[in-house]
Each structure stands twice: as C-alpha cells, then as structure tokens.
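Peer 1: Dropping a structure here in structure tokens format, bear with me for questions.
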Amino acid sequence: MLELAALTLTLTHFSIPLAYYWHAKSKWLNKPWNIQVNEEYKPKFTVILPTYNESEVIQERLENIYNQDYPKEFMELIVVDSASTDGTADLVRRWAQDKNLSLKLLEEKRRKGKLSALQIALKEVSPESEVVVFTDADAFWEKDALKKTAKYFADPKVGSITASMRYTKVSSEESYRDFFNKIRIAESKAHSTPVHNGPFLAIRAKIIHEYGLPNYLGSDDSAFGSFVAFLGYRAIQVDDILVKELLRGSTFLRKVRRAQHLILNFLKTKKLAKDQNCYRSSDFDRIWRIEWWLHIINPWLLLVGLILLMFTALHGSLLGLGVLVIGSSLLLIKVFRVWILQQIYLIIAMLRSPWTREIAWRR
Ligand code: GDD
Ligand code: MN
C-alpha cells in the first residue's frame, strides 16, 4: 500500500511537468508570435535602475545603458539609490556630469528594499514615456535590447516584455535557464508567461498609470508581469533579447529568494488582480493554473513520495529501494539534477517564506 502511494506521488510529480514540457515544446514553441511588430516604432523609454551598494559595477552598468543603440532623446534613466554606504550615488553623479542623457538620481534616506525603490521611481517617470524598463545593476544588456523591445510595443496587445537570461560563470544555472527559457517562450507564444526576469522587464507605461503594479512584499519582476497578463495584455518573454546577469553573493540565498518571489506571485497576484478589478479571463488562465500547480503543489508530491519510499525501503521493500537507487543515478543527468534542486529551493522557500528577510533583500 505504502509503496503504491509513494510511487503514485513520485510518478505524478514527474509526469505532470514532463507532459507540460512536451506540450509546450511541440504545440507552442514553434508557433508564430501573433504580434504585429513594427521595426519603425520608436517609443520613449524610461529605464529604472535601483541600487544598493553597487560601486563595483555601477559605472559599467551605466555605460551599458548609455551605449544602447537607441536615440538618447527617446530615453531617460532613473536611478534610485537607497542610502548605499559605498558611494554608489556619488559615482552616479560623477558619471552623469559629461553625459547628454536625461538622468534623475533619487536618493532614499533609508534602505527599504528593491520594491520600495521601484515605487519611488515610478512617481518620477515623465508623462511622455511609453515604456518603463526595470533592470538591475548587475545585468548587462546587448546593445540592441531597447531597439528590439520597441518593435513589440507597436502592438497595443503587448503589455510587457522580459528578456531571456544568460548567466556568466556557473554552468548549472545555464542549464536551468535553457530548460526554463524554452518553457517561458513557449508560454509567451501561447499567450503570456507568469515568470518574468528582473534584469530586463519592460512594461507599457499606460498600464502602470491606469492600474498601478502589485505592491506587496516580494512582488517585483514576476508579479508585475503576471498582473499585466491578468489584465488581458500579452506579457511575454522573447527569444531575441538576451541579458547577462553576473552571479554574485550566495547562490543558495539568491535561489531561495527567487523561489520565494515565485511562490508569492502564485499565491497572491491573481487574487490581487481580481480584488482590484484587473482580472480578465483569457488563455493565460490555463498557463497560470498549471504553473501554479508546478510551483505550489508539485514539489510536495516529490518530498512526500521520497519520504514514503525511504520508509518502505527501510522496512525491506525492494521496490522502494530500487526506485531510490534509480532516482539517485538519474542525478548524473544534468537537467534532472537541476530540476531536483529547483524543487528543493521551492520547498525551502515555502517553509521559510513569509517570515524571513530574503524577500526584502540581503546580500
Ligand atoms: N534602491 C534599492 N534599494 N535597490 C536595491 C535594494 C534596496 O534596498 N536592494 C537591492 N537593490 C537593487 C540592487 O542594487 C540590484 O540593482 C537589484 O536591486 C537586484 O538586486 P541583486 O542584489 O542583484 O539581487 P538578485 O540578483 O538576487 O535578484 C534577482 O531576483 C530578484 C527576485 O526575483 C533579480 O532577478 C531581481 O531583479 C529580482 O527582483
Ligand atoms: Mn542580481
């Protein structure tokens, strides 16, 4: 009996995402975007860059934005620094001296986290701006990122664009991204993806003015994009814009924090959209439901299944032992290893979730 339960849970854990992956890959990934792109379209962009103690990378980051292949008159940059103790704000001021770029430097007196900084910046977005792009100090865009983003926003259905991620250094992160990049892009072609990347997230300014953005602890990237999708707009990750993120600090904390943000998104954003009368039903609902399952429920099936398997194995079940041995040897396969790790991060994130400070930032 226990063996059967253990096997059912474990098999369900793996078969649902595999079936979804197969479906996404075969049915969606090669579909056309169904978006009226216009290469000539040239909206005004506001880039929002929050910083806390970024003196090591800030100049390079500013140069990277400055060197975008996009007319300077169509760009403004808002840097919000939250009382950095390493002189980040001064470096920004000094950098800006001889640059012909519209740059506002806002300084928070006290550090209240990334979200608070973004909200402050949003109040300063100039009224002519059509697209707001959120980014991080440790992210580097390809030269044509804004240019490529512009063409998508020519279609009024498009509400937000996030870039595909490439990581420098660690390679397991690469494969995490390759597997998940594919799913995100497939979902985006079907309608929208609920997962968005903070290093490059562009949102139509009109939506922000009309409806605001989620403002709960832990809501930035993904919650913003999901909210836009619930409004009925396309909120998509595209494959022709690539962003590199430096990997710094503790991988464990970063992964757990990222998992926490995802979980909070799946627990809160839909209800928030409904409460604020910002929810329209669409094909995105199906994607949301399965991703909700994959993030909130599915990891636990694995955990409980594994515990039961170990229990039966300890009580002499050869079947239990066999499955555990096969499972462990599958860990030699990278994508399997990456998947299992992600499940562990999701579980840790859920256990730690509302009580810890990773959500509110620490590095
Ligand atoms: N102004 C301000 N105030 N900026 C902050 C604060 C703060 O209190 N805390 C962090 N930041 C800035 C950092 O300086 C950086 O530019 C950006 O927010 C992201 O911080 P990182 O330290 O690079 O965090 P990360 O790489 O782990 O964050 C990733 O996951 C987050 C959660 O999903 C990124 O993808 C983020 O964009 C994402 O929000
Ligand atoms: Mn980062």
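The values are calculated or read from the model by the stated rules, or taken from the named source; none is laboratory data. Small disclaimer: the values here were computed from a predicted structure and weren't measured. Cβ: placed from backbone, ideal geometry, glycine included. Neighbour counts: every protein chain shown.
Peer 1: Identify, please: which residue in region 122-136 is surrounded by fewer than 22 Cβ atoms within 10 Å (Cβ to Cβ) and of a type in the set (A, V, I, L, M, F, W, C) and is, among those, farthest from ligand 2 (Cβ to nearest atom)?
Peer 2: Of everything passing the filter in region 122-136, Val125 is farthest from ligand 2 (Cβ to nearest atom).
Peer 1: Which members of region 298-313 meet the condition of being surrounded by fewer than 21 Cβ atoms within 10 Å (Cβ to Cβ) and over 18 Å from Ile347 (Cα atoms)?
Peer 2: Met310, Phe311, Ala313
Peer 1: Return the pairs, sorted by first residue and then second, in which the second residue is away from ligand 1 (no atom under 16 Å from the Cβ) and outside any helix (DSSP H, G or I), the first residue lies in region 92-115 and is under 27 Å from Asp69 (Cβ atoms), the beta carbons are less than 6 Å apart, and the residues are 6+ apart or on different chains.
Peer 2: Ser102/Glu76
Peer 1: Still on this structure, I have one more. Here are Ser219, Ser226: which of them is surrounded by fewer than 23 Cβ atoms within 10 Å (Cβ to Cβ), small (Gly, Ala, Ser), under 12 Å from the mean Cα position of the chain (by Cα) and not in a strand (DSSP E or B)?
Peer 2: Ser219
Peer 1: Sticking with this structure for a sec: Please go through region 217-249 and pick out each residue that is under 15 Å from Leu201 (Cα atoms) and more than 16 Å from ligand 1 (Cβ to nearest atom).
Peer 2: Of everything in region 217-249, those that are under 15 Å from Leu201 (Cα atoms) and more than 16 Å from ligand 1 (Cβ to nearest atom) turn out to be Ala229, Tyr233, Arg234, Ile236, Val238, Asp239, Asp240.
Peer 1: It is to be established whether one or more residues within region 178-194 are outside any loop (DSSP other than H, G, I, E, B), of a type in the set (Asp, Glu) and surrounded by fewer than 20 Cβ atoms within 10 Å (Cβ to Cβ).
Peer 2: yes
Peer 1: If I filter region 160-177 down to residues being among the small types (Gly, Ala, Ser) and at pLDDT below 95, which single residue comes out as surrounded by the fewest Cβ atoms within 10 Å (Cβ to Cβ)?
Peer 2: Ser171
Peer 1: Moving on to the next point. Which of the residues spanning region 260-271 are crowded, with 16+ Cβ neighbours inside 10 Å and free of Cβ contacts under 8 Å to residues at least 40 places away in the same chain?
Peer 2: Passing the criteria: only Leu267.
Peer 1: Out of (1) more than 28 Å from His191 (Cα to Cα); (2) surrounded by 17 or more Cβ atoms within 10 Å (Cβ to Cβ); (3) among the β-branched types (Val, Ile, Thr), what's the single condition that is false for Ile287?
Peer 2: Ile287 satisfies every listed condition except (1).
Peer 1: Hey, among Leu262, Leu253, Leu267, which residue is within 13 Å of ligand 1 (Cβ to nearest atom), in a helix (DSSP H, G or I) and over 14 Å from the mean Cα position of the chain (by Cα)?
Peer 2: Leu253
Peer 1: Related question: Could you please give the count of residues in region 83-100 that are on the phi < 0 side of the Ramachandran plot and surrounded by fewer than 16 Cβ atoms within 10 Å (Cβ to Cβ)?
Peer 2: Summing the residues that are on the phi < 0 side of the Ramachandran plot and surrounded by fewer than 16 Cβ atoms within 10 Å (Cβ to Cβ) in region 83-100 gives 9.
Peer 1: Which members of region 95-111 meet the condition of being touching a helix residue (DSSP H, G or I) at 6+ places or on another chain (Cβ under 9 Å) and charged (D, E, K, R)?
Peer 2: Selection gives Lys99, Lys104, Glu107, Glu108, Arg111.
Peer 1: Could you run through region 230-244 and say how many residues are surrounded by fewer than 21 Cβ atoms within 10 Å (Cβ to Cβ) and under 12 Å from Phe140 (Cβ atoms)?
Peer 2: 2
Yes/no per residue for (1) without any contact (Cβ under 8 Å) to a residue 12 or more places away in the chain; (2) not small (Gly, Ala, Ser):
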{"site": "Val243", "(1), (2)": "no, yes"}
{"site": "Leu246", "(1), (2)": "no, yes"}
{"site": "Arg258", "(1), (2)": "no, yes"}
{"site": "Ala273", "(1), (2)": "no, no"}
{"site": "Gln276", "(1), (2)": "no, yes"}
{"site": "Leu306", "(1), (2)": "no, yes"}
{"site": "Gly316", "(1), (2)": "yes, no"}
{"site": "Gln342", "(1), (2)": "no, yes"}
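Let's see how each residue does on (1) surrounded by fewer than 19 Cβ atoms within 10 Å (Cβ to Cβ); (2) within 21 Å of Val158 (Cβ to Cβ); (3) of a type in the set (Gly, Ala, Ser); (4) more than 22 Å from the chain's Cα centre (by Cα):
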| position | (1), (2), (3), (4) |
| --- | --- |
| Ala5 | yes, no, yes, yes |
| Thr12 | yes, no, no, yes |
| Ser15 | yes, no, yes, yes |
| Ala19 | yes, no, yes, yes |
| Lys25 | yes, no, no, no |
| Phe45 | no, yes, no, no |
| Tyr52 | no, no, no, no |
| Asn67 | yes, no, no, yes |
